[in-house]
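The values are calculated or read from the model by the stated rules, or taken from the named source; none is laboratory data. Just so it is clear, the model here is predicted, and its values are computed rather than measured. For neighbour counting, all protein chains shown are included, and Cβ atoms are generated from backbone atoms with ideal geometry for every residue, glycine included.
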Amino acid sequence: MIPNFKAHPWHGVSAGEDAPNVVNVFVEIVPSDTIKYEVDKETGFLKVDRPQKFSNIIPALYGFVPRTYCHNEVMKLAIEAGADDVTEGDHDPLDICVLSSHNIHSGGLLMEAIPIGGFKMIDGGEADDKIVAVMIGDHAFGHFRDISELPEAEVKRL
């Protein structure tokens, strides 16, 4: 019998052969989810974090870039950008929102995406930046290469 082995999505999968131009993304939440899931750091399984508030439901695939870590370097960038209330990074992998016009119905999957920008975020004194990316080959978003090219309404939705 062959052992059933699943790589840990944070530590057992690379950030991507062409990172940072094209990155691997582990998708935790899809736009239709009303529950916030996150990877259990110890086991690598998706676990329920909490029910989503309707104002928190995002219009993009949401997850993280494997083998990344939000700590001192991200905190320094936040301070350089003018945040004076940040004390550290959030000790999680880097969050990423992937824009796609395709309906993906469940998380817990890997995909490749092209980063096009991001948002500097502070959550409880911790840097919690969000990378914005597009799904490779997506007919509506796949051609964007910079967040400034997106329609303003799409940026506001994020």
TODO: Identify all residues within region 1-14 that are within 20 Å of L94 (Cβ to Cβ) and either of a type in the set (G, A, S) or surrounded by fewer than 15 Cβ atoms within 10 Å (Cβ to Cβ) (or both); write none if there are none.
DONE: A7, H11, G12, S14
TODO: Report whether or not A81 is of a type in the set (G, A, S) and surrounded by fewer than 20 Cβ atoms within 10 Å (Cβ to Cβ).
DONE: yes
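Each row is one residue, and each column tells you yes or no for (1) within 26 Å of E17 (Cα to Cα); (2) modelled with pLDDT of 90 or more; (3) aromatic (F, W, Y); (4) in contact with a His (Cβ under 7 Å, 6 or more places away or on another chain).
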site	(1), (2), (3), (4)
V39	yes, yes, no, no
L46	yes, yes, no, no
S55	no, no, no, no
P59	no, no, no, no
F64	yes, yes, yes, no
E73	yes, no, no, no
K76	no, no, no, no
TODO: For L99, indicate whether it is in contact with a strand residue (DSSP E or B) (Cβ under 9 Å, 6 or more places away or on another chain), free of Cβ contacts under 8 Å to residues at least 60 places away in the same chain and not charged (D, E, K, R).
DONE: yes
Open item on the list: Looking only at residues that are within 13 Å of the chain's Cα centre (by Cα) and charged (D, E, K, R) in region 67-119, which one is farthest from F45 (Cα to Cα)?
Closed with: E112
TODO: Determine the pairs where a residue that is over 27 Å from N24 (Cα atoms), located within region 77-95, has a partner that is surrounded by fewer than 17 Cβ atoms within 10 Å (Cβ to Cβ) and modelled with pLDDT under 80 with Cβ atoms under 8 Å apart, the partner being 6 or more residues away or on another chain.
DONE: V86/I79
Task: Considering residues of region 37-53 that are in a loop (DSSP other than H, G, I, E, B) and of a type outside the set (V, I, T) only, the residue surrounded by the fewest Cβ atoms within 10 Å (Cβ to Cβ) - done: E42
TODO: Identify the residue in region 15-36 that is touching a Gly at 6+ places or on another chain (Cβ under 6 Å) and assigned to a strand (DSSP E or B) and, among all such residues, is farthest from P93 (Cα to Cα).
DONE: I29
